[in-house]
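A.B. asks: Take a look at the following structure, please.
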Amino acid sequence: MSTETFSSLHIGTRDDRSEALLNESLQVNQETEDIGGAALAQLQRQREQLEGARDQAQDTQQVTRQARQTLQAIAWKILREKLTLVLIILCLLVIDGALAYRLATHKGKL
C-alpha cells in the first residue's frame with residue numbers, strides 16, 4: 001500500500017471512532033436528559049403532595065383552634081351555671097336557717 005492510502009485509511013478509522021464516540025456521547029446526553037426530566041417530574045409530584053399535606057395540616061390546625069375555643073366557651077358556661085346553682089343553694093339554706101330560727105324562738109309559730 002502506498003503511504004497515501006495508509007494515511008487515508010488511518011484518518012478514516014479515526015473519523016469512524018470519533019463519530020462513534022460522538023454518537024455515544026449524544027446517546028448518553030439524551031439518556032441523562034431523560035433521567036433528569038423524570039427526576040424533575042417526580043420532584044414536582046412530591047412538591048404537590050407536600051403542598052397538599054401542608055394545606056391539610058393548616059386546615060386541621062384551624063379546626064382544632066375553633067374546637068378549643070368552643071370547648072372553652074362551654075367550660076365557662078358550665079362554671080357560671082354551677083356558681084349560679086351554688087348561690088341559689090346558699091340562699092335557700094339561709095332562708096331555711098331563718099325559718100328554723102323563727103320556729104325555734106316563737107314556739108312553732110312563723
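Computed from the coordinates by the stated procedures, all read-outs in this text should not be read as laboratory data. What you see is a predicted model; the values in this text were computed from it and never measured.
A.B. asks: On alpha-carbon atoms, Rg over Rh for segment 36-110 using Kirkwood Rh?
C.D. replies: Taking Rg over the Kirkwood Rh, I get 1.74.
A.B. asks: Under a 10 Å cutoff between Cα atoms, tell me which one of G97, G36, G52 has the largest fluctuation in the Gaussian network model of the chain.
C.D. replies: The residue that fluctuates most here is G97.
A.B. asks: Just from its helices, what would the mean residue ellipticity at 222 nm be for the chain, if runs of 4 or more DSSP H residues each count -39500 (n - 2.57) and the sum is divided by every residue, rounded to the nearest 500 deg cm²/dmol? Provide the component values of the computation, followed by the final result.
C.D. replies: Numbers: 1 runs with 103 residues, N = 110.
Helices in the chain give a 222 nm mean residue ellipticity of -36000 deg cm²/dmol.
A.B. asks: Can you give the extra length, in nm with one decimal, that the chain gains between Q30 and R45 once fully stretched, where that is 0.36 nm per residue apart less the Cα-Cα distance?
C.D. replies: Taking Q30 through R45 to full extension adds about 3.1 nm, to one decimal.
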